[in-house]
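Trainee: A single structure is presented below for examination.
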Amino acid sequence: MNYKITNGAISYGAETILEEIDFEIKDKDKIAIVGRNGCGKTSFLNSIVDNSMLEEGIGENKFNIYKQGNPSIGYLKQINFEDSSKTMLEEILKVYKSIIDLEEKISKITEMLQNNNDEKLIKDYSNALERYEIQGGYTYKKEYETAIKKFGFTDEDKNKKMDEFSGGQRTKIAFLKLILSKPDILLLDEPTNHLDITAIEWLEKYLKNYPNAIVIVSHDRMFLDRIVNKVYEIEYAQMKEYTGNYTDFEKQKKIDYEKNLKDYEYQQAEIKRLKAIADRFRYKPTKAKMALSKLKKIEQMDIIEEPNKYDLKSFHMNFNIEIESGKTVLTVKDLKIGYENKIVDDNISLNLYKGQKLGIIGENGTGKSTLLKTLNGNIQKLRRRI
């Protein structure tokens, strides 16, 4: 499988989002798209699905979109639930329709073979079994059962109707359907958002062994490091390819910057030297010709632009401290949190000191947000009964 865009561009009205796109997906590539917020990452993912968004770029090559065969492309925005009365399990099983159809066919042939040893039936049975194995018939149940569990759903949830789930839960179910359907090109836009650690760890392993190509937009550097083998950076409306994971990309970008800076500084020093010679001798009759040759040499140079300082930080913040805290920033003792009809935790104690960084981890629904809201006063702490 090969998917390639040469000298493409994306514009919205008079604004050009990306002016020179050269991008390629091969077979089992695991690709990260990185860049500052607002640089066009999500627009680019949309253009892979909807090629009508693409137009000719400013590069020298001819604008072209090449697709080998007719690759299936999966994107979360395409997933919808046509019938909200269906259960979660029924929605998940739609992904495996071809396998389930084969199961029914194998079952029917097995019944027929009990009273008929026709060679054609035996051949059909053998062919069906072979296709069943190739499509993952012996492992698909374990696959979706594991995925459902890792995404925080229970056995009871499997039989709930779709309209009984919250919007966030429905999005997670749609995400499950997407990745389990295994399209030739899987597009993921910030896939770790709203997933707990257990789900992220499972997703990492699943994507690492994914049999087809993946294109990921994510700010989670550790997540990208464990999965991708190629990085495309979007910067100043252009795309640049780097081989390796995110750490490899960081190293190469730093090396490129230092080399370009050195080339720039060397050329600037040479220009300064040549100009100094020209200024010194241009009005001396015996040296005027030589002085002009120095200026000519500058004119013939391919001028190197000063490289922009590389900045790989995805988030910047600048807090103005109004009141300096003491050594002890936060003390919590025997805190009880939750709601009137649900106690989340009734024995939280901790001390947080100046300069410390506290991480709160746990599966979805265990009370992480409830704790933060209680500490901030958005939710009242629960009173202890004496």
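The values are calculated or read from the model by the stated rules, or taken from the named source; none is laboratory data. Note that the coordinates shown come from a computational prediction; the quantities given were computed from them, not determined experimentally. Here Cβ is always computed from backbone atoms with ideal geometry, including for glycine, and neighbour counts include all displayed protein chains. Please note that ligands, DNA and RNA were not included when accessible areas were found on the heavy atoms of the full protein model with its side chains. Shrake-Rupley method; radii C 1.70, N 1.55, O 1.52, S 1.80 Å.
Trainee: Please get the size of the charge dipole for the chain, origin at its Cα centre, with Cβ charges of +1 on Lys and Arg and -1 on Asp and Glu, quoted in debye to the nearest 20.
Mentor: 1880 debye
Trainee: Still on this model: Report, by chain and number, residues whose modeled amide H sits under 5 Å from the one on residue 17, excluding near sequence neighbours (fewer than 5 apart, same chain).
Mentor: It is 10, 11, 12, by chain and number.
Trainee: Shifting gears a bit: What are the ³J(HN,Hα) values, in whole Hz, obtained from phi via the Karplus relation 6.51 cos²θ - 1.76 cosθ + 1.60 with θ = phi - 60°, for each residue of segment 324-341 in sequence order, with x given for Gly and Pro?
Mentor: Result, ordered by residue: 6, 7, x, 5, 8, 8, 8, 10, 10, 9, 6, 6, 10, 10, x, 10, 4, 9 Hz.
Trainee: Further question on the same structure: Label 7 Å along Cα→Cβ of residue 301; segment 237-273 residues with amide nitrogen under 17 Å?
Mentor: It comes to 260-273, nothing else.
Trainee: How large is ³J(HN,Hα) for each residue in segment 35-45, as worked out from phi by the Karplus curve 6.51 cos²θ - 1.76 cosθ + 1.60 (θ = phi - 60°), to whole Hz, x for Gly and Pro?
Mentor: For segment 35-45, the Karplus-derived couplings read x, 5, 4, x, 7, x, 5, 5, 4, 5, 4 Hz, x marking Gly and Pro.
Trainee: Tell me the relative contact order for the chain as a rounded percent, counting alpha carbon contacts under 8 Å between residues six or more apart.
Mentor: The normalised contact order for the chain reaches 17 percent.
Trainee: Okay, next question. Note down the net charge around residue 95, summing +1 for each Lys or Arg and -1 for each Asp or Glu among other residues with Cβ under 9 Å from its Cβ.
Mentor: That works out to +3.
Trainee: Percent of accessible area on segment 42-200 owned by carbon and sulfur, 1.4 Å probe?
Mentor: 46 percent
Trainee: Right, next: With every protein chain present, what accessible area does residue 184 have (1.4 Å probe, heavy atoms only), rounded to the nearest 10 Å²?
Mentor: My reading of the accessible area for residue 184 is about 50 Å².
Trainee: What distance in nm lies between label points placed 7 Å from Cα along the C-beta direction at residue 351 and residue 110?
Mentor: 6.5 nm
Trainee: What trypsin sites (Lys or Arg not before Pro) does segment 143-247 have in DSSP loop regions with at most 14 other beta carbons within 10 Å?
Mentor: Hits after loop and neighbour filter: nothing returned.
Trainee: Please give me, ordered by residue number, the GluC sites (Glu not before Pro) of segment 80-110 that lie in loop per DSSP and have at most 12 other Cβ atoms within 10 Å.
Mentor: Numbers: sites: 82, 90, 91, 103, 104; in loops: 82.
Taking segment 80-110 and a limit of 12 other Cβ atoms within 10 Å, the loop GluC sites (Glu not before Pro) found are 82.
Trainee: Another question, then. Using θ = phi - 60° and the Karplus relation 6.51 cos²θ - 1.76 cosθ + 1.60, list the HN-Hα couplings for segment 208-219 in order, rounded to whole Hz, with x at every Gly or Pro.
Mentor: 4, 9, 4, x, 10, 7, 10, 10, 10, 9, 7, 9
Trainee: Another question about this same structure. Which whole-number percent gives the relative contact order of segment 203-243, counting Cα pairs below 8 Å spaced six or more residues apart?
Mentor: 30 percent
Trainee: Right, next: Pop the C-beta distance of residue 229 and residue 340 into the FRET formula with R0 = 45 Å and round what comes out to the nearest 0.05.
Mentor: FRET efficiency, residue 229 to residue 340: 0.30.
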